[in-house]
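Asker: Have a look at this one before I ask anything.
The values are calculated or read from the model by the stated rules, or taken from the named source; none is laboratory data. Source: prediction; values computed, not measured. Here the Cβ positions follow ideal geometry from the backbone for every residue, glycine too, while neighbour counts run over all protein chains shown.
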Amino acid sequence: MNTAPECIDMTESLRRGAGRLLYNGDEGSLVLSTDGTFLLSDIQDGALLCEKIRTLCPAAPKLFTVKSDDAAAALMREFSLHDSMRCTQWVYEKGEPPCPVTADIRPLTQEHAALAASVYHDGDGAYIRDRIEHGALFGVFESDALAGFAGFHDDSSMGMLEILPPFRRRGYAAQLEAFLIAAALKEGRTPYCHVVDGNEASLHLQRKMGLTCTRLPAIWVN
């Protein structure tokens, strides 16, 4: 299958054992999560993608990440889906972290869940609590006050980066991302993230940290 940077979300899913290769052909591949609910594909022809899903998936997945607007639109029609989020995909391709981490960064505990969920707009906070439970959410602290946080989504991408208003413009976003990059590299993973179209602050941060924007987008559909 395609191992280029634009497919890092797919190759990382396979590497971690979180997904299995359902199909691989000249037109692209399908990777299905082990529980069958999440499908990733770089097949850009929407009609062909839907045909492969109908043929190969035991049941219709609930969440998709695809690499073209045509694929996203076809999925929404085929499976009566209503939400899509178009992102650029950024990959860190260097072997060393971009800068030293000097800030006080530590794993968050459940005592921080309510505050983090309110800042991240996580509704009932279930996802934030899950990330904390898995040791995947980290906070930057200033004099023991939580100044911001970031972590790894359940697809292993970096994200959830939020800096609380009183602590902005102090370099904490860069420190958190450098921390995540270092953690991923230490585990032998390729650091990557998705940036929602129009998020100029995050785009600036990715460029500053030395990440590369991939050729194809990552479009989430559910």
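Asker: List every residue pair whose Cβ atoms sit under 7 Å apart, with the two residues 6 or more apart in sequence or on different chains, where the first one lies in region 120-141 and is more than 16 Å from Ser156 (Cβ to Cβ) and the second, anywhere, is part of a loop (DSSP other than H, G, I, E, B) and not aromatic (Phe, Trp, Tyr).
Answerer: Every condition considered, the pairs that remain are Ile128/Asp122; Ile132/Leu108; Ile132/Thr109; Gly139/Leu108; Val140/Ala103.
Asker: Here's something else I'd like to know. Does region 143-194 hold any residues that are touching a helix residue (DSSP H, G or I) at 6+ places or on another chain (Cβ under 7 Å) and more than 26 Å from Trp220 (Cα to Cα), and which are they?
Answerer: Leu146, Ala147, Leu164
Asker: What number of residues within region 1-17 satisfy the criterion of being of a type in the set (Gly, Ala, Ser) and in a loop (DSSP other than H, G, I, E, B)?
Answerer: Result for region 1-17: 2.
Asker: From Leu32, Leu63, Leu40, Leu115, which residue is within 30 Å of Ala4 (Cα to Cα), aliphatic (A, V, I, L, M), surrounded by 15 or more Cβ atoms within 10 Å (Cβ to Cβ) and touching a Leu at 6+ places or on another chain (Cβ under 7 Å)?
Answerer: Sole residue among the options that is within 30 Å of Ala4 (Cα to Cα), aliphatic (A, V, I, L, M), surrounded by 15 or more Cβ atoms within 10 Å (Cβ to Cβ) and touching a Leu at 6+ places or on another chain (Cβ under 7 Å): Leu32.
Asker: While we're on this one: Going by what's in this entry, would Val140 be described as touching a strand residue (DSSP E or B) at 6+ places or on another chain (Cβ under 8 Å), buried (at least 18 other Cβ atoms within 10 Å of the Cβ) and within 21 Å of Phe64 (Cα to Cα)?
Answerer: no
Asker: Another question, then. Outside the structural domain of Ala145 (by TED's automatic domain parsing) and over 27 Å from Pro191 (Cα atoms): which single residue out of Ser68, Ser80 fits that description?
Answerer: Ser80
Asker: Looking at this structure, is Gly95 in contact with a Pro (Cβ under 7 Å, 6 or more places away or on another chain), at pLDDT 95 or above and in a loop (DSSP other than H, G, I, E, B)?
Answerer: The answer is no for Gly95.
Asker: Something else about it: Between Ile132, Ile128, which is surrounded by 17 or more Cβ atoms within 10 Å (Cβ to Cβ), in contact with a Phe, Trp or Tyr (Cβ under 9 Å, 6 or more places away or on another chain) and not acidic (Asp, Glu)?
Answerer: When all the criteria are applied, what remains is Ile128.
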